[in-house]
Amino acid sequence: MGTILVVDDEQGIRTMLQGLIQRENHEVLLAGDGYTALELLKTTAMDVVLTDLLLPGMTGIELLKIIRREFPGIQVIMITGMPTIESATEGLRLGAFDYMSKPVSGEVVLKTIRNAILVKRLNDEKERLKEENHRYRERLEYLAEERIRSLKDKVVIVQKDVTEKKRLQAEALQISHLASLGELAAGIAHEINNPVNGIISYAEILKDECEDQGRDDEIACRIIKEGERIATIVSNLLYFARDVEEEYAPVHLGTILEATLSLIGKQISKDGITLERRLRKGLADIRAKSREIQQVFLNIISNARYALNQKFPGMHPDKLLEITATTVEVSGVPHVRTMFYDNGTGIPDAIIHKINTPFFSTKPPGQGTGLGLSISHGIVTSHGGKLTFQSREKEFTRVIVDLPAATNPESGRGE
Ligand SMILES: Nc1ncnc2c1ncn2[C@@H]1O[C@H](COP(=O)(O)OP(=O)(O)OP(=O)(O)O)[C@@H](O)[C@H]1O
Ligand SMILES: [Mg+2]
């Protein structure tokens with residue numbers, strides 16, 4: 001059972017067809033021309049349109065074109081009292097379901113309508129299945145994406161866990177390394193301290209004796225001087241290795257720098273690096289935990305030394321490390337600015353923003369932990385200072401350490 005629209009300008013034929021079609025329990029609507037037919041099509045869902053070819057105003061072929069365009073599912077049966085090959089061909093070409101010439105038997109009309117309804121239903125079902133298939137695919141894609149996303153999240157979480165675990169393990173290792181190194185250093189320093197003091201004392205006795213006997217005391221003086229140098233290194237090492245919570249105190253930058261260089265200065269000169277130090281006179285004291293700042297300087301100088309040795313393996317006249325310190329104002333507050341300039345390998349632009357990141361290192365595995373600058377950055381920041389880098393690849397690196405002055409600059413001591 002379907003809904004059929006009969007379009008014919010002759011009332012008699014309309015009612016005749018209506019009566020015929022209703023015999024099969026179809027619902028039948030009637031239109032006298034193409035315009036009325038289109039109006040009805042807009043308001044009622046039809047299965048089949050049975051239309052005359054010759055209509056007033058709009059021809060059956062024109063109506064067919066509009067129906068095919070605007071109501072593509074509806075099947076159109078053309079029926080005419082003046083059949084021509086041209087109109088039949090055109091009608092079928094435009095997608096008419098069938099083309100019939102009057103007179104036509106009621107049985108043929110009903111059969112054609114039945115077939116048209118069947119085709120319409122099949123087409124409708126096809127469309128519905130297409131639509132359902134589409135929705136189903138969309139749902140499937142959505143579910144697949146969801147699944148992939150949740151798996152990705154899991155992978156990321158696992159990755160994060162692994163990275164975090166690795167980071168903590170490396171950190172623990174570094175801490176335990178430092179701690180055991182510290183213990184070892186402290187132990188050795190204690191052991192060396194006593195004999196060194198003994199050596200100095202004996203050398204002083206020797207010096208006195210030389211003086212008493214009017215002999216040259218130069219050798220004894222040299223022993224004393226070198227002995228004192230050992231004592232300084234040892235006491236710095238002890239200081240560095242001591243695991244005590246330090247207090248902030250005013251300290252002159254020169255003192256920290258000397259202490260640092262007593263630990264690393266020898267290696268610098270052995271590598272053929274020219275070290276230039278320029279500390280501005282009247283430099284303000286900084287308010288600092290000396291040991292921590294010493295650690296910062298030690299790491300910066302070690303990095304510079306490494307970069308210089310990379311660029312100039314062996315001796316080279318241009319192998320330069322320059323350390324300067326001045327008092328500057330940062331946002332109206334006096335700061336002591338220490339600059340470490342080296343003309344080593346420099347830092348490529350692409351990585352300069354990463355060098356403060358924990359575990360970032362360009363050194364070969366086993367040679368650098370990549371913790372140096374991140375620790376230094378943490379120390380400088382906790383001092384209320386700032387650590388900045390300027391560099392040009394293959395040319396130079398300048399590390400700038402700004403630390404707040406302890407009091408006003410006048411209170412500082414000159415060098
Ligand atoms: N003066 C410099 N010249 C060139 N590159 C530098 C300099 N200072 C730091 N870098 C770059 O920054 C990276 C990170 O330095 P950082 O001190 O944090 O770690 P590291 O030196 O690699 O390892 P570690 O400090 O444990 O020896 C270095 O690997 C290097 O690539
Ligand atoms: Mg380093």
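Read-outs throughout are calculated quantities, based only on the coordinates presented, and are distinct from any laboratory measurement. Note that this is a predicted model, so its numbers are computed, not measured.
So the values come out like this:
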| item | result |
| --- | --- |
| Hydrodynamic radius of the stretch 244-411 per Kirkwood, over alpha carbon pairs, in Å | 16.3 |
| Paired Rg and Dmax values of the chain, which use every Cα atom, in angstrom | 48.9, 157 |
| Computed over the chain: relative contact order in percent, which uses C-alpha pairs under 8 Å that are six or more apart | 10 |
| Taking the stretch 8-91 and dividing mean pair separation by its residue count, relative contact order in percent (alpha carbons under 8 Å, at least six apart) | 27 |
| Relative contact order (%) - the stretch 312-392, alpha-carbon pairs under 8 angstrom, separation at least six | 21 |
| Global geometry of the stretch 3-104, whether rounded, prolate or oblate, following the gyration tensor of its Cα atoms and the 1.5 cut on a/c | rounded |
| The chain: DSSP helices with Cα axial extent of at least 27 Å and average Kyte-Doolittle hydropathy no lower than 0.5 | 218-241 |
